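Right, one structure below, let's go through it.
The values are calculated or read from the model by the stated rules, or taken from the named source; none is laboratory data. Just so we're clear, the structure is a prediction, and the values are computed from it rather than from any experiment. Positions of Cβ are generated from backbone atoms using ideal geometry, with glycine treated the same way; all protein chains shown enter the neighbour counts.
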Amino acid sequence: MATRPSEAQGYELRDPDVRLMLQVRDDDAAAFEELVLRYQSRLLTVLENLCGKRDLAEDLAQDVFLRVYRARKRYIPTSKFSTWLFKIAGNVASNARRGMARRREVNVEGRESGPWGVNPMEQMALAASGQMPTRQLDKSEVRDVVQQAVAGLSDRQRLAVLLAKFEEMNYADIGEVMDLTPQAVKSLLSRARATLRGSLESYLQSGEWTQPKLQQSGPTR
């Protein structure tokens, strides 16, 4: 559906990043540099948690910004700039994960370090379990437990959780990124929390890890 001029003007008035991107459309290099500065760290955080490798996340972030720049002449503000950017990022990350799977380079259990040590992700996963550990876990163990729990999410669940947690997006904005209705996003996040809960409860109580089966996805629209 085409965006009416009034709708595009509304995004321009409400979103300063849309205004910057419109300047980029007019070949304003300084405006593009400002957008990169505003979003580079945030983009890296999401991409690293999606792909599990810092160096790959850095390459993918460059790819995302390159796509943004190449698309500048076709840019029409149909949503917030952040949702447009992370929609591109989600597509780039999905393509990268498929390529990694084909080359058999994915090894979610073999990382000694990585994005799963990020405190917000640890807090989110532990909170999803509905309880605190019955025994003391050191930092590296928490990281490993969270790594395995989040690895148990589907790609779509993981992206929705990251956008909700790190970008603090509401259901509507996540829906814009993922081409889902707000209700479908709510259901997706509910299933993600249930998967995390199932992954973590037995381990936090007994120390025994059991990888749950992924829940079947319901209707997405």
Checklist outcome for this item: If we ask which residues in region 152-175 are buried (at least 20 other Cβ atoms within 10 Å of the Cβ) and under 15 Å from residue 83 (Cα atoms), their number turns out to be 9
Checklist entry - Identify, please: which residue in region 68-83 is without any contact (Cβ under 8 Å) to a residue 24 or more places away in the chain and part of a helix (DSSP H, G or I) and is, among those, surrounded by the fewest Cβ atoms within 10 Å (Cβ to Cβ)? => result 74
Checklist entry - Can you name the condition, by its number, that residue 4 falls short on among (1) of a type in the set (D, E, K, R); (2) modelled with pLDDT of 90 or more; (3) loosely packed, with under 14 Cβ neighbours inside 10 Å? => result (2)
Item to check | From 87, 80, 53, residue being within 22 Å of residue 161 (Cβ to Cβ) and modelled with pLDDT under 90 | outcome: 53
Checklist entry - What do you reckon, is residue 92 modelled with pLDDT of 95 or more, over 24 Å from residue 172 (Cα atoms), of a type in the set (A, V, I, L, M) and surrounded by 16 or more Cβ atoms within 10 Å (Cβ to Cβ)? => result no
